[in-house]
Amino acid sequence: MKTFLKAIVLVPVIILAVGWAMANRQPVEMSADLFNLHVTPYVTEPLPLYVVVFAAMAIGVVLGSLFTWNAQRRYRRQASVQRLEAHKLRHELDRVNGESRLGPTSGSTALVTR
């Protein structure tokens, strides 16, 4: 069901994106010279408009993912510490349960009831 809903949303989006890209094939001048804005830039490259827009969107997705991943660092670290603590407690519980099945050992203290 989830895949079907995803397809219902993605197929029209892909169709619209391809149509938009086909309609915006005219070249635009891209300049990598940020400090020479008022004079003819030294480094220019004519690119189709859809390439520029799709590249900007891809860069935005990657940067957003990196910032989100970095913001969740604290929670991943906390989960790792809790996972380690749970492992230690599970090991300790297995050790205690193993001793209780074998009965009191020479090193353990046993309660004596009268």
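Read-outs: derived from the displayed coordinates by stated rules, not from any lab. Values in this document were obtained by computation on a predicted structure and should not be read as measured data. Cβ placement follows ideal geometry from the backbone for every residue including glycine, while neighbour counts extend to all protein chains displayed.
Worth a mention:
- Sequence-separation-based contact order of the range 3-80, relative, with Cα cut under 8 Å and 6+ spacing, percent: 23 percent
- Förster radius 41 Å - calculated FRET efficiency between Met57 and Thr3 (Cβ-Cβ, nearest 0.05): 0.95
- Packing around the peptides 68-78, 15-25, taken as the average count of other Cβ atoms within 10 Å per residue, puts them in this order, highest first: 15-25, 68-78.
- C-alpha long axis of helix 49-71 to longest principal axis of the chain, angle in °: 20 degrees
- Sum of -39500 (n - 2.57) over DSSP H runs of 4+, divided by residues of the chain (222 nm, nearest 500): -23500 deg cm²/dmol
- With respect to the chain, whose longest principal axis is taken over its alpha-carbon atoms, helix 73-102 is tilted by about 20°.
- Distance in nm between pseudo-label sites at Glu29 and Arg76 (7 Å out along the Cβ direction from Cα): 4.3 nm
- Computed from the Cβ-Cβ distance with R0 of 30 Å, the FRET efficiency linking Glu45 to Ile14 stands at 0.65.
- From the C-alpha gyration tensor of the chain, square roots of 5λ in Å: 65, 23, 8
- Cα-Cα separations in the range 30-95 greater than 17 Å, expressed as whole percent: 69 percent
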